[in-house]
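Data first, discussion second: the structure below is written as structure tokens.
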Amino acid sequence: FPRPGEAARSDAPPRTSVLHEVSPVLVRIAEGDDVAAAARRAGAGLMLTLPFTLATGLRTEASPLDVIVAGLALPVGLAIVALVGVSASTLGISLASAPLSPTAAASIASRGLFRAGLLLAGLAPLCALWVASARGLEALFCTSLAVFVAGVSGIGTIARGLVTATAAPDGTLRLGALVVSALFVMFALVLGLRVWLPVVDVLGARVFGGDL
């Protein structure tokens, strides 16, 4: 028992995140708020979409060119949503008297890209199993669902970052930042859907053999 006035000591090891336990390399990539760290994090997030792209190419009907086209559309679409959405949101937040520096905006966008890419990499084995064994419609649904989940997670990360980065010094959230973040979520979902629909045509008609 601890002595009076002495805090109880715990011998339990300090709690660490799942990311710390899985890959210290990813932890180092995820850290940092400067421009170099943001660029490194965004590049890693886009590179992490590669396993998911390879998973969509397991269909025997897929030609290498079709897989490349569909695979490039995924990281390009994520980058477009993050770049356009965060740029517009930064301007809107500045007009709402909640200034956000370009460095902070880049860091927030890169965290969203990294989260989306990390989720797609984690879902790649499941998607590969489903794509290789399921019919065209089922494989297309599995692929689209995985992209939707990863995209929503990345969008949520960016929206939460926009709100917290523009909070008042006492920690209270600014109404203008909340409104702009909500508009960003809607805009990003619409833009992401617009980018993904042409990819669905390629996947359904060519990569998955057109057996929809």
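Which order do VAL147, VAL185 take by accessible area at a 1.4 Å probe, largest first? Don't jump to the answer; show the numbers that get you there.
Details: VAL147 25, VAL185 45 Å².
Accessible-area ranking of VAL147, VAL185, largest first: VAL185, VAL147.
For ALA39 and SER144, FRET efficiency with R0 = 30 Å and r from the beta-carbon atoms, rounded to 0.05? That pair, SER144 with ALA39, gives E of 0.55.
Note on ARG111: accessible area is roughly 80 Å² with a 1.4 Å probe, heavy atoms of protein only.
Would you please give the FRET efficiency between MET186 and LEU65, computed as 1/(1 + (r/R0)^6) with r the Cβ-Cβ distance and R0 = 35 Å, to the nearest 0.05?
Taking R0 as 35 Å, the efficiency between MET186 and LEU65 is 0.50.
One chain, two ends: LEU91 and LEU129. Fully extended at 0.36 nm per residue, the span grows by 9.4 nm beyond their Cα-Cα distance.
Can you work out D for segment 77-120 in µm² s⁻¹ from Stokes-Einstein, where Rh is the Kirkwood radius over C-alpha pairs, the temperature is 25 °C and the viscosity is 0.890 mPa s? Don't skip to the answer; put the middle values down first.
Values: Rh = 10.8 Å.
Translational diffusion coefficient: 227 µm²/s.
The values are calculated or read from the model by the stated rules, or taken from the named source; none is laboratory data. As the structure is a prediction and not an experimental result, all values here were calculated from the model. In this analysis, Cβ positions are derived from the backbone assuming ideal geometry, glycine residues included, and neighbour counts consider all displayed protein chains. For the accessible areas, the whole protein counts, side chains as well, though only heavy atoms, and no ligand, DNA or RNA atoms are used. Shrake-Rupley method; radii C 1.70, N 1.55, O 1.52, S 1.80 Å.
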